[in-house]
Amino acid sequence: MLVQVPLFILYVVVTHLAVILPSDGLALLSILLLALASLAGPLQRRRPWAIAVIAAVAGLLYLGTGMHLAHRLVYLPALLVNLGLCWLFGHTLRGARTPLVVRIVGLLHGPGDPLDDAIRRYARSVTACWTGLFLFNSAVCLVLALCASPGGWLLEAGISPPVAVPAKFWSMFADVGTYVLTAVMFVGEYAYRRRRFPQQPYRNFLDFLRRAIAIGPRLFADLIREGS
């Protein structure tokens, strides 16, 4: 974690510069920084597969510099992350699946503290709200990436966008705005939940974060089991 945080901050700064200049070299560096941040743990343990992934990413991007491959790909991570989170929450609302937030609340309360119907209905609505937020983030990231000037996807394809948007707007939203919206949603929902359902298994916000992190492996295992 100590290595990942500065790498991610550096990735955000380099991505911003790569988009507003635009610079294919900086775009290549930003994607490498993201890969390094994502694989920091395995790389520190000198896992051969992680080193091979970094080498493959670097080689692919270097070979594609003449086609501005790195600069075109630099817009993708923010879009893919938000689409992935949208799917993660949204697909659990289908059919007989247990909505993701209902599952999280159930793990926080434990088997000895069953959830009543009011909490289940509320947690389902919160799952829908998170799905909507990440869908909104994805849509805005996509539109801004298409219409960014200079270096947007439409301009790179030789198509004039219907509305030219300064490239810095994409960076401001993708690299700052999405995280601010997510943080506001997270903290605001927690505050509302404490008022509506004061009886909770955690004492305060920090205790809630600690417990939420602790149930992460069990939640991941449950989702894998459900999808298999």
Specify the residue that is nearest to the chain's Cα centre (by Cα); the eligible residues are those in segment 153-174 that are assigned to a loop (DSSP other than H, G, I, E, B), hydrophobic (A, V, I, L, M, F, W, C) and farther than 22 Å from ASN137 by Cβ. ALA157
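Looking only at segment 101-114, how many residues end up being without any contact (Cβ under 8 Å) to a residue 40 or more places away in the chain and not in a loop (DSSP other than H, G, I, E, B)? Full working, then the answer.
Here is the first cut: in segment 101-114, the residues without any contact (Cβ under 8 Å) to a residue 40 or more places away in the chain are 101-102, 105-106, 111-112, 114.
This time we only want the ones that are not in a loop (DSSP other than H, G, I, E, B), so: 101-102, 105-106.
Adding up the residues that qualify gives 4.
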Scan LEU146, LEU133 and give me the residue that is in contact (Cβ under 8 Å) with a residue 40 or more places away in the chain, assigned to a helix (DSSP H, G or I), within 22 Å of the chain's Cα centre (by Cα) and assigned by TED's automatic domain parsing to the domain that holds GLU189. LEU133
Among the residues of segment 9-27, which ones are buried (at least 21 other Cβ atoms within 10 Å of the Cβ), touching a Lys or Arg at 6+ places or on another chain (Cβ under 9 Å) and β-branched (Val, Ile, Thr)? VAL19
Quick one: in segment 165-212, which of the residues that are of a type in the set (S, T, N, Q) and in contact with a His (Cβ under 9 Å, 6 or more places away or on another chain) is nearest to PRO22 (Cα to Cα)? SER171
Residue that is modelled with the highest pLDDT [pool: residues in segment 31-83 that are of a type in the set (Ser, Thr, Tyr) and more than 16 Å from the chain's Cα centre (by Cα)]: TYR62
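Yes/no per residue for (1) touching an Asp or Glu at 6+ places or on another chain (Cβ under 7 Å); (2) within 20 Å of ILE20 (Cβ to Cβ); (3) surrounded by 15 or more Cβ atoms within 10 Å (Cβ to Cβ):
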residue: LEU63; (1), (2), (3): no, no, no
residue: HIS71; (1), (2), (3): yes, yes, yes
residue: VAL74; (1), (2), (3): no, yes, yes
residue: LEU80; (1), (2), (3): no, no, no
residue: ARG124; (1), (2), (3): no, no, yes
residue: GLY132; (1), (2), (3): no, no, no
residue: LEU142; (1), (2), (3): no, yes, yes
residue: PRO150; (1), (2), (3): no, yes, no
residue: TRP153; (1), (2), (3): no, yes, yes
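The values are calculated or read from the model by the stated rules, or taken from the named source; none is laboratory data. These numbers were taken from a predicted model, which means no experiment stands behind them. Quick reminder, even Gly has a Cβ in these numbers, built from the backbone with ideal geometry, and neighbours come from all protein chains shown.
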